[in-house]
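The values are calculated or read from the model by the stated rules, or taken from the named source; none is laboratory data. Model, not experiment: these values are computed from the prediction. Virtual Cβ from ideal backbone geometry, glycine too; neighbours counted across all protein chains shown.
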Amino acid sequence: MNDQQFREEHKPLHVPAHFDNSAALREQLAFALADIGEGNADEIAAHLLALHQKESDEALTNEAKALLAQWDKNGLVTVNTDNGETRYNLHKITEANSGSVNPRLLAPGLD
């Protein structure tokens, strides 16, 4: 694997603002996952199919599940196991930080 291939495989996910049928599967799946917030592979694939306005598409479902597994392997999504079920979620901050910083405790040169 060369540097360009590595960067392409490990670049952060970009969630588009709108669903686009002509976009790459990576973008469509990121939108579907962000749209439902969290789900197992079947739920996310079902939501993707709903966005495509399809009842079923085995090839699309299998590609989506494979891409989710790849994102898990590359650390691009959060994976939680709940009662033996794998649930996917995007790495994101959903609440503002409520903490504060005491400037006197900062190391010299960091202020």
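Every condition in (1) at pLDDT below 90; (2) part of a loop (DSSP other than H, G, I, E, B) is met by R104 except one, and the failing one is (2). Taking the criterion of being touching a strand residue (DSSP E or B) at 6+ places or on another chain (Cβ under 8 Å) and either closer than 14 Å to G37 by Cα or not β-branched (V, I, T) (or both), the residues of the range 69-85 that qualify are W71, D72, V77, T78, V79, N80.
Once the range 26-45 is narrowed to residues that are touching a residue at least 12 places away in the same chain (Cβ under 8 Å) and aliphatic (A, V, I, L, M), the residue that is surrounded by the most Cβ atoms within 10 Å (Cβ to Cβ) is L29. Considering the range 86-100, and only residues there that are surrounded by 10 or more Cβ atoms within 10 Å (Cβ to Cβ) and modelled with pLDDT under 90, the residue that is nearest to the chain's Cα centre (by Cα) turns out to be L90. Just for the range 61-85: of the residues that are touching a helix residue (DSSP H, G or I) at 6+ places or on another chain (Cβ under 7 Å) and among the hydrophobic types (A, V, I, L, M, F, W, C), which one is surrounded by the most Cβ atoms within 10 Å (Cβ to Cβ)? Among those residues, the one meeting the criterion is A64.
H10 versus (1) in contact (Cβ under 8 Å) with a residue 40 or more places away in the chain; (2) surrounded by 12 or more Cβ atoms within 10 Å (Cβ to Cβ): which is the lone unmet condition? Condition (2) is where H10 drops out.
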